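What follows is a single structure, written as structure tokens, with notes after it.
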Amino acid sequence: MIQLEELDKIKILEFLKLQMSKKKFVVTPTSILKKCGFPVSEHHFLLENKALILKLKYILEELNEEGILIQREAKQDFKGVKEIGYDFIT
């Protein structure tokens, strides 16, 4: 399992390549954390890790600008939280 402190642009990209080879999914900060095994369904986890989620948002925006991800038209909804979703370009 990836440690929260280790999540950076390179780790996220490696993780996405590995996960997308198994099964495609909509890429959001929450979906990345969920696939890494973090308890995203627990509301206090999301509240305690707002800085990390913001960091993931910025990383995903960078990957979108670099053409690695494509932003979806509609936002994704996870437990009432709207997030920008991306598709991974293989």
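Among the residues of segment 44-63, write down those that are in contact with a strand residue (DSSP E or B) (Cβ under 7 Å, 6 or more places away or on another chain) and polar (S, T, N, Q).
none
List pairs: first in segment 1-18 and over 17 Å from A51 (Cβ atoms), second at pLDDT below 80, Cβ under 8 Å, 6+ apart or cross-chain?
Listed pairs, sorted by first residue: F15/I2.
Just checking: which of the strands (runs of 3 or more DSSP E) contained wholly in the chain hold 2 or more residues that are of a type in the set (F, W, Y)?
86-88
So which pairs qualify, if the first residue must be in segment 27-43 and within 10 Å of I53 (Cα to Cα) and open to solvent by 50 Å² or more (accessible area, probe 1.4 Å), the second must be of a type outside the set (D, E, K, R) and part of a loop (DSSP other than H, G, I, E, B), the Cβ gap must be under 6 Å, and the two must be at least 6 apart or on different chains?
none
Could you list, in sequence order, the residues of segment 44-59 that are surrounded by 16 or more Cβ atoms within 10 Å (Cβ to Cβ) and without any contact (Cβ under 8 Å) to a residue 40 or more places away in the chain?
The answer is L46, I53.
Identify the residue in segment 65-90 that is of a type in the set (S, T, N, Q) and closer than 11 Å to V27 by Cα and, among all such residues, is surrounded by the most Cβ atoms within 10 Å (Cβ to Cβ).
It comes out as Q76.
Taking only segment 47-90 into account, find how many residues are within 16 Å of L16 (Cα to Cα), of a type in the set (D, E) and in contact with a helix residue (DSSP H, G or I) (Cβ under 7 Å, 6 or more places away or on another chain).
So the count comes out to 1.
The values are calculated or read from the model by the stated rules, or taken from the named source; none is laboratory data. Everything numeric in this text was worked out from a predicted model, so none of it was measured. Cβ coordinates were reconstructed from backbone atoms using ideal geometry, including for glycine residues, and neighbour counts include every protein chain displayed. For the accessible areas, the whole protein counts, side chains as well, though only heavy atoms, and no ligand, DNA or RNA atoms are used. Shrake-Rupley method; radii C 1.70, N 1.55, O 1.52, S 1.80 Å.
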